[in-house]
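Below is one structure, written out as structure tokens; the observations come after it.
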Amino acid sequence: MIEVHNIVKDFRKTIKKPGLAGSVASLFRPEYETVRAVDDVSFKVPEGEILGFIGPNGAGKSTIIKMLTGILTPNSGSCRINGYIPQKERKKYVREIGVVFGQRTQLWWDLPLTETYTVLREIYNIPDAQFKKRMGFLTEVLELDQFISSPVRTLSLGQRMRADIAASMLHSPKVLFLDEPTIGLDIVVKDNIRKAIRELNRNEKTTIILTTHDLSDIELLCKRIILIDKGRLVYDGELSHIRDTFGKVREISFTLADGSAAIDFDVPKHEDLAVVREGAQVSVRFNTSVIHLPDMLAKILAAARVSDIAVKDIDVEEILRRVYTRQAVL
Amino acid sequence: MTEARNPSVPARVGTAVRRTGHRIRRFFRLYRIFISQFLKRLVEYRIDFLTGAFAFFFGQLFNVLFVFLIFENITELDGWSLQHIIFIYGFSLIPRGIDHLYADNLWKVAYFLVRKGDFDKYLTRPIDPLLHVLMEGFEPDALGELLTGIILVIAAGTSLGLELTAAQWLLGAVAVAAGTLIYTGIKIIFASAALWIKRSGSLLHMVYMTSDFVKYPVSIYNAFIRTLVTYVIPFAFTSFYPASYLLTGKDPLFCVGGTVIAGITAVCLGRFIWTRGINAYESAGS
Amino acid sequence: MKIKAYLPFISGGIQSQLAYKWNFFGFFIGEIFFTFVMYYLWKAVFLHTDTGIINGFTILDMTVYIFVSNITQFLTGTDASYAIGEEIVDGSVSMRMIKPVSYDISLLFNEIGTKVVLLVLIMIPVFTGIEIFRYAQTGAIAFSASRLGVYLVSSILSYLVLFYFDLCFGFLAFVLKNLWGFNLLKGSIVRFLSGGMIPLVFFPAWALGILRFLPFSSMCYTPVMIYTGNWSAAQTLASMALQLFWAIAFWLLSRAIWNTTVKRLTVQGG
């Protein structure tokens, strides 16, 4: 059970000026500014839920995770996880959690992977029988046997990530924190990892907190998401609601066969409609609930001779921007 | 019922002893596991280890050659002969080498673990972060340093016909242990600085380099340096003072007692500062 | 190849040096300590001699020698082999290869950039200090601008010898995965044999005979001795010619190694 009440986190940063003159200037007179990374965030997570934190880079997701894992202390507000205040009772608390930092590994670099698990078994005091069972299970779910004897430094990013997840689950934690676990991975590997996470959650009823800026991670894993932008909690609720409201915007870009031709097709005017033309390149953004995708395609193809055409989903940044401007609706 | 709620004093002592014993056993089990990992790493990187140890050894050889070349022109230096100087020099390498063997990771903390954010993982494990850092950093290259020191001490001592009493052997061992703690404590203090300022490698380097002064008799320096390395950054107690006691038998209280005091102070201060540093790290982030 | 193309390397070097200002200071202070240890050691040594002169050096000569030799080593020190080693290990050597600039020259200019900072911040105060000290000790001004000039030229030559010498070893990174121990070894050997620890005249005669044929004296001893003013013009010229010889020799050698390496790289794929 996770309870977070009004946490705030400020950082003091030095302002770095660019170029040669700037470097010399900051050598003699450094300037500081206070940045509010997390601004009054509150939420509750019941046991066994997979919760996704999504938001653009620098939105404050990782900072929130760090506060929940006890690595960072909030300036104000409180959080309580499994009955512990993370910073106050760290040693006892961390026995019940697992953490995976997407960008950094927790594995021992030079030695074969199995050695990492051996050391972790000792650190977490896992009895032999339980350890064997656990390793067997994790090896199967995360498909580790291909590289379990290889030195960690030789592993690919995807293998390393799976190994890190196994390392974080070895001691059967009640809560698992995954900070950008699929960053930099290709689509097949991402899929495997998502499947593994789902399986772990199903089997163990582990509460999983996941931060990412990949919308597909969220779609495949979480029912509930929290949107963080500029340190603030912008949305807390079901994913389907967001998808219904904002996910329906698509964009079609096409190249005119005759760059100078005028195009004229009528589309019901609505808020999400935007037509941009640059020479022969045209992009049309529209809401599929106003006009269906195939209908739009048909209109375009009827109105102009097209040499190339592509259909795009709207990206996360765009969704967030819209969510922000329509905050009242949420 | 009453007994369970209000255990008698012997029962409470018993529990405390058992718990401490438990902690000690666990500590050694953990350390053994870490050491076995390093031995495995050693086997993996044996060429690196051998070249590293050899490089250290060779580097020290030049310093010894340097002393030899100096003594081509003089017979004694502040009352010390060539063999005495070599003895002191060799002795200085021993606590240094031992500390280098097990506390090398502190350099990593100071130079980049905190800055690159890789320090976080030590806070998410159920072991004391300082202990975790130390246990991970077994550095077998230091054996080169250590061996050189021992060889030089034995060679010089034999050449002098030095015979130590049992008491001197004992006090010598104590001095080596305490001297090691001086190094470790000072490293902890300045590595902790990284928890505040993200990068304290160069600061630690500066402080560590003052240990260069104590490879030779401190009487050759001016008052400022002598005071610095005796009372402020007490590296002189890791080498010159204990070595001079072993060579002359004089002033055991100052030479060895001082070492012990310096060692304990350094480690306690280090621990204290480290703990405050972790608190600061948690509020400032990385 | 236009010089303009290399200017960004210099500016880049300066910027990175400033960014790591603390690393630089820390390292520098460490070197200062070593210098002072030597100073006090020699002071004590000279006190224990009868004449106050050893091998033609007075304590004042030795003091100047110690400080100038340490500052010279600091200024002419090179990270070339380390830099190459790193780039080979992490693969960024190919990044340098595809840029339209000569590999060694780009490295050279990068390092020069870092040294510009050193020159400005360190060299002037240190040499001023040395000369003031000399004046205080002898009551006579020993400073000579022309000698400083020759010293600078000789130092530049030393640097080039060291740079190309180091470059040759950098390519060993292809063979030995980790150059660290080896570099440490090379560093101690160079320091000792180039007069960085003790003036070469202190070596036994047989050693001096061998050193005559080795490049080490050109790496540090020559410029330092020029500065102390104890050499004749003939000796100065001869030694500097030797420096030039070794600089060219190592440059050619590093070119040859580089060409074979590139061939091997492009055939086998690093």
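Here are a few things to note about the model shown:
- In this structure, B:Ile74 qualifies as surrounded by 12 or more Cβ atoms within 10 Å (Cβ to Cβ), within 14 Å of chain C (Cβ to nearest Cβ) and among the β-branched types (Val, Ile, Thr).
- Sole residue being under 30 Å from B:Gln37 (Cα atoms) and either at pLDDT below 90 or of a type outside the set (Gly, Ala, Ser) (or both), chosen from A:Ile54, A:Ile65, A:Ile97, A:Ile50: A:Ile97
- Counting only strands (runs of 3 or more DSSP E) that sit wholly inside segment A:224-313, those with at least 3 residues that are buried (at least 16 other Cβ atoms within 10 Å of the Cβ) are A:224-229, A:232-238, A:249-256, A:281-287.
- Residues of segment A:63-121 that are closer than 22 Å to B:Gly277 by Cα and among the β-branched types (Val, Ile, Thr): A:Thr63, A:Ile64, A:Ile65, A:Thr69, A:Ile71, A:Thr73, A:Ile85, A:Val94.
The rows are residues; the columns are (1) crowded, with 17+ Cβ neighbours inside 10 Å; (2) modelled with pLDDT of 80 or more.
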residue: C:Met123; (1), (2): yes, yes
residue: C:Val126; (1), (2): yes, yes
residue: C:Glu131; (1), (2): no, yes
residue: C:Gly149; (1), (2): no, yes
residue: C:Ser154; (1), (2): yes, yes
residue: C:Tyr164; (1), (2): yes, yes
residue: C:Gly181; (1), (2): yes, no
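- Residue ranges of helices (runs of 4 or more DSSP H) in segment B:120-173 with at least 2 members exposed (fewer than 15 other Cβ atoms within 10 Å of the Cβ): B:142-160
- When restricted to residues that are under 18 Å from A:Asp308 (Cα atoms) and under 31 Å from the mean Cα position of the chain (by Cα), segment A:256-293 contains 6.
- Candidate set: segment A:72-97, residues that are free of Cβ contacts under 8 Å to residues at least 24 places away in the same chain and over 25 Å from A:Lys205 (Cβ atoms); chosen: the one farthest from the chain's Cα centre (by Cα): A:Lys88
- Test: residue in segment B:209-232 that is touching a residue at least 24 places away in the same chain (Cβ under 8 Å), of a type outside the set (A, V, I, L, M), more than 11 Å from chain C (Cβ to nearest Cβ) and more than 30 Å from B:Leu61 (Cβ to Cβ): no
- Test set (1) at the interface with another protein chain (Cβ under 9 Å from one of its Cβ atoms); (2) under 21 Å from B:Ala236 (Cβ atoms); (3) not basic (Lys, Arg) - B:Gly97 fails condition number: (1)
- Selection count where residues are more than 14 Å from chain A (Cβ to nearest Cβ) and free of Cβ contacts under 8 Å to residues at least 40 places away in the same chain, scope segment B:103-133: 1
- Residue that is surrounded by the fewest Cβ atoms within 10 Å (Cβ to Cβ), among those in segment C:39-63 that are more than 9 Å from chain B (Cβ to nearest Cβ) and either among the acidic types (Asp, Glu) or in contact (Cβ under 8 Å) with a residue 24 or more places away in the chain (or both): C:Asp50
- Residue under evaluation A:Val24, criteria (1) in a helix (DSSP H, G or I); (2) among the hydrophobic types (A, V, I, L, M, F, W, C); (3) modelled with pLDDT of 85 or more; (4) surrounded by fewer than 20 Cβ atoms within 10 Å (Cβ to Cβ), criterion not met: (3)
- Note on segment B:177-209: among residues that are modelled with pLDDT under 95 and β-branched (Val, Ile, Thr), the one that is nearest to B:Leu247 (Cα to Cα) is B:Val207.
- Test: residue in segment B:80-91 that is touching a Gly at 6+ places or on another chain (Cβ under 8 Å), among the aromatic types (Phe, Trp, Tyr) and more than 30 Å from A:Gln87 (Cβ to Cβ): yes
- All positions within segment B:34-60 that are in contact (Cβ under 8 Å) with a residue 40 or more places away in the chain and at the interface with chain C (Cβ under 10 Å from one of its Cβ atoms): B:Phe49, B:Gly52, B:Ala53, B:Phe54, B:Ala55, B:Phe56, B:Phe57, B:Gln60
- On inspection, B:Glu145 qualifies as within 30 Å of B:Tyr45 (Cα to Cα) and in contact with a Leu (Cβ under 6 Å, 6 or more places away or on another chain).
- Residue that is farthest from A:Leu185 (Cα to Cα) [pool: residues in segment A:84-102 that are in contact with a helix residue (DSSP H, G or I) (Cβ under 9 Å, 6 or more places away or on another chain) and in a loop (DSSP other than H, G, I, E, B)]: A:Ile85
- Segment A:103-121, residues that are touching a helix residue (DSSP H, G or I) at 6+ places or on another chain (Cβ under 6 Å) and surrounded by fewer than 19 Cβ atoms within 10 Å (Cβ to Cβ): A:Trp109, A:Asp110
- Residue match in segment B:19-33 (condition: at the interface with another protein chain (Cβ under 8 Å from one of its Cβ atoms) and either surrounded by 15 or more Cβ atoms within 10 Å (Cβ to Cβ) or not in a helix (DSSP H, G or I) (or both)): yes
- Screening A:Leu107 on (1) modelled with pLDDT under 85; (2) in contact with a Ser or Thr (Cβ under 7 Å, 6 or more places away or on another chain); (3) within 11 Å of another protein chain (Cβ to nearest Cβ) shows it passes everything except condition (1).
Let's see how each residue does on (1) farther than 30 Å from A:Tyr117 by Cα; (2) of a type in the set (Phe, Trp, Tyr):
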| site | (1), (2) |
| --- | --- |
| B:Asp120 | no, no |
| B:Leu134 | no, no |
| B:Thr148 | yes, no |
| B:Leu152 | yes, no |
| B:Ser159 | yes, no |
| B:Gly185 | yes, no |
| B:Trp196 | yes, yes |
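- Which numbered condition C:Phe202 fails, given (1) within 14 Å of chain B (Cβ to nearest Cβ); (2) closer than 22 Å to C:Thr76 by Cα: (2)
- Inclusion of A:Ala129 among residues that are small (Gly, Ala, Ser) and either surrounded by 15 or more Cβ atoms within 10 Å (Cβ to Cβ) or in contact with a His (Cβ under 9 Å, 6 or more places away or on another chain) (or both) is not warranted.
To keep it simple, each residue is scored yes or no on (1) part of a helix (DSSP H, G or I); (2) more than 29 Å from B:Leu65 (Cα to Cα); (3) not basic (Lys, Arg).
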| position | (1), (2), (3) |
| --- | --- |
| C:Arg191 | yes, no, no |
| C:Gly196 | no, no, yes |
| C:Ile210 | yes, no, yes |
| C:Ser217 | yes, no, yes |
| C:Ala247 | yes, no, yes |
| C:Val262 | yes, yes, yes |
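The values are calculated or read from the model by the stated rules, or taken from the named source; none is laboratory data. All figures in this text were calculated on a predicted structure; none of them were measured in a lab. Here Cβ is always computed from backbone atoms with ideal geometry, including for glycine, and neighbour counts include all displayed protein chains.
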